[in-house]
Amino acid sequence: NMYKDFRIAYRDVARATDKRTVIATLLPEKSVVVNSMNVQSEDNTTLKEKLFYLGIMNSYIYDFLLRNVIDKHVSISFVKQTPMPIINEFKYTNELIQISKTLLQKNNDEMYVRLNSVIKDDSFFSKMSIDELIAELNARIFIDFELSREEIIALMKTFEGKKSKQAVQEEAQRIIEVYDRLKAGEE
C-alpha cells in the first residue's frame, strides 16, 4: 500500500564529478519506479516533512556533503549518515515546504494537485521561475546552516565542471543575490 502515498525518491547512480550528485523528488501517488531509484520505504513522515526533506536533499549543501563520500552510488546508508536538520528547529521550514511544493507543481501540476489541500499556495513563490525558486531554496538553507557569503562562493565553485561552469556560476550569482536580500532583511 506504500505506493498509494507520496514518497521521496532519489537517483541511485551518480558520480561526484556530475554537476549534481543528489537528485531527489516526491513520487506522485500510485506510482512505481525502476530499480535505479531509491524510494522511501517507511512512511511515518507527514507530507509537510517530506517536502521539507526534499528541499534539503536538493540543496547544494546536502549535495556537497554527499559528493565527498560517494563513489558511483547514492546508497541509503550514505543518505542516512548525512546530517539532516530537524524540521522544527529550522528558521525557514515553511518557506522550504512552499518552495518544494511549487517546484514540483511547476511542470507537473496535475500529478501534485493534492498538495494544495495540505499546503496552501504562497503567491510570493508561485510567480517565480524554477531558477528563482532554486536560488530561494538554497539561500535559505545556506543562511540556516550559517554559511558566510565567502563560504557559499567557495562551496559553489566545487560544482563547476568543464561543461557546467557557466551554469553553476549563474546559479551561484542568483543564490548570492537572494542571500544578500534575506540577510539585509534580518538587520
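Rule-based calculations on the coordinates, nothing more; no lab input. Keep in mind that what you see is a predicted model, and the values were worked out from it rather than measured. With ideal geometry, Cβ positions are generated from the backbone for all residues, glycine too; neighbour counts draw on all protein chains shown.
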Next item on the list: Distance check, please: which entries in K48/K165; K101/K183; K127/K162 exceed 28 angstrom between their Cα atoms?
Entry: K48/K165; K127/K162
Note to self: Let me check I've understood the local charge: for S100, count other residues with C-beta under 12 angstrom from its C-beta, Lys and Arg +1, Asp and Glu -1. What total comes out?
What the structure shows: +1
Next item on the list: Report, ordered by chain and residue number, the lysines lying within cross-link reach of K30, taken as a straight Cα distance under 17 Å and ignoring same-chain residues fewer than 8 apart.
Entry: K4, K50
